[in-house]
Amino acid sequence: MTVRLPRTTSLVLAIFFGTAFLAPLPFVVLMPGNAQNVLDQSAKEKTIALSKSAPASLQIYPSDGNLYLLSILITNPSAYVTGVELIYSWMKSENAVMPRSLFYKDGRSAEAEKAIAKTEMVDSQVVAKSVALEYLKANYSQSSAVVIKPSDLEISLAKTGGPSGGLAFAIGIIELLTSENILQGKSVAVTGTIDSAGKVGSIGGVAEKILAAKKAGATLILVPEANCKDLAPNLATIPSGIKIAAVSSLKEAMAAFNSEDPRGCANLGA
């Protein structure tokens with residue numbers, strides 16, 4: 001037996017479910033972003049360069065490898081995700097849906113969020129310079145780079161915020177200021193924060209950044225050891241042809257370049 005709902009009831013239900021699908025929900029959508037080669041010295045806007053105040057004796061040693069800084073695209077802090085967008089994002093394997101509270105603080109304006117992200121990026125550059133120069137002094141004492149000061153270096157990266165480029169900046173500085181060919185022609189992607197002691201910290205969207213690394217042609221990606229829990233087999237799929245190196249410090253990151261089989265997340269039980 002079939003019972004039809006009254007027209008008014010059907011209309012109310014249609015409005016209810018339609019509103020539910022279009023109502024803003026407390027989630028954000030993440031997707032793979034760009035991979036920028038911080039070693040590229042042919043670009044008009046170089047990511048890492050000597051400042052005008054740098055001594056004439058200092059020089060940049062171009063690298064034959066690629067060092068990709070990874071980013072993700074995320075829902076703008078002033079926008080909200082609807083039910084329709086959530087369903088569409090869930091259907092796309094490259095996208096991820098995450099709680100908004102993991103990335104944005106309730107009550108904080110979009111302008112404030114952007115300002116914080118910009119400040120975090122600038123701070124990561126300052127720390128990366130300091131840590132990289134300390135590494136050079138400790139490991140390349142005969143290099144002219146040991147006399148360089150943080151103010152002799154400029155780091156520029158437009159339209160990107162947050163602290164997750166710190167490790168990539170530090171490695172890029174070391175590679176460009178030494179005659180040693182550290183990357184040995186490899187295409188490597190890097191993500192992770194870095195503190196003044198050279199410790200590498202976790203970042204958000206690691207699975208999406210690995211997809212960005214694959215698209216860029218990287219064969220090795222350095223990720224923070226603390227993010228290995230996000231790369232467990234039941235949570236993420238690592239693309240074929242790309243190797244993961246889990247690092248917790250700048251020293252470990254540099255060692256990974258000289259290893260035929262760097263320690264990955266699987267070695268840590270992830």
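Just a few scattered comments:
- Matching residues in segment 252-268 - criterion: being exposed (fewer than 15 other Cβ atoms within 10 Å of the Cβ) and closer than 19 Å to Ile203 by Cα: Ala266, Leu268
- Residue in segment 195-210 that is part of a strand (DSSP E or B), closer than 28 Å to Tyr135 by Cα and among the β-branched types (Val, Ile, Thr) present: yes
Rundown of residues vs (1) basic (Lys, Arg); (2) over 28 Å from Leu50 (Cα atoms), yes/no style:
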site	(1), (2)
Gly166	no, no
Glu180	no, no
Val188	no, no
Val206	no, yes
Arg263	yes, yes
Ala266	no, yes
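- The lone exception for Ser143 - which of (1) touching a helix residue (DSSP H, G or I) at 6+ places or on another chain (Cβ under 9 Å); (2) touching a residue at least 60 places away in the same chain (Cβ under 8 Å); (3) surrounded by fewer than 20 Cβ atoms within 10 Å (Cβ to Cβ); (4) closer than 23 Å to Asn66 by Cβ it fails: (2)
- If you check Ala170, Ala189 for being outside any helix (DSSP H, G or I) and modelled with pLDDT of 90 or more, only one passes: Ala189.
- Screening Ala226 against (1) outside any loop (DSSP other than H, G, I, E, B); (2) of a type outside the set (D, E, K, R); (3) touching a helix residue (DSSP H, G or I) at 6+ places or on another chain (Cβ under 7 Å) leaves a single unmet condition, (3).
- Looking across segment 146-167, the residues that are farther than 25 Å from Thr75 by Cα, in contact with a helix residue (DSSP H, G or I) (Cβ under 7 Å, 6 or more places away or on another chain) and in contact (Cβ under 8 Å) with a residue 24 or more places away in the chain come down to Ile148, Pro150, Leu153, Ile155.
- Residue satisfying all of: in segment 173-202; under 15 Å from the mean Cα position of the chain (by Cα) and buried (at least 24 other Cβ atoms within 10 Å of the Cβ); nearest to Ala213 (Cα to Cα) among these: Ala189
- Test for Ala218: is it farther than 20 Å from Glu175 by Cβ, buried (at least 19 other Cβ atoms within 10 Å of the Cβ) and in contact with a Phe, Trp or Tyr (Cβ under 9 Å, 6 or more places away or on another chain): no
- Annotation note: Cβ proximity below 7 Å between a residue of segment 226-250 that is on the phi < 0 side of the Ramachandran plot and a residue that is exposed (fewer than 15 other Cβ atoms within 10 Å of the Cβ) and at pLDDT below 95 (sequence gap 6+ or interchain) occurs for Cys228/Leu268; Ile242/Thr219; Lys243/Thr219; Ala246/Leu268.
- Residue within segment 117-135 that is over 24 Å from Leu50 (Cα atoms) and surrounded by fewer than 18 Cβ atoms within 10 Å (Cβ to Cβ) present: yes
The values are calculated or read from the model by the stated rules, or taken from the named source; none is laboratory data. Just so it is clear, the structure is predicted and the values come from calculations on it, not from any experiment. Counting neighbours? That spans all protein chains shown, and the Cβs are built from the backbone with ideal geometry, glycine included.
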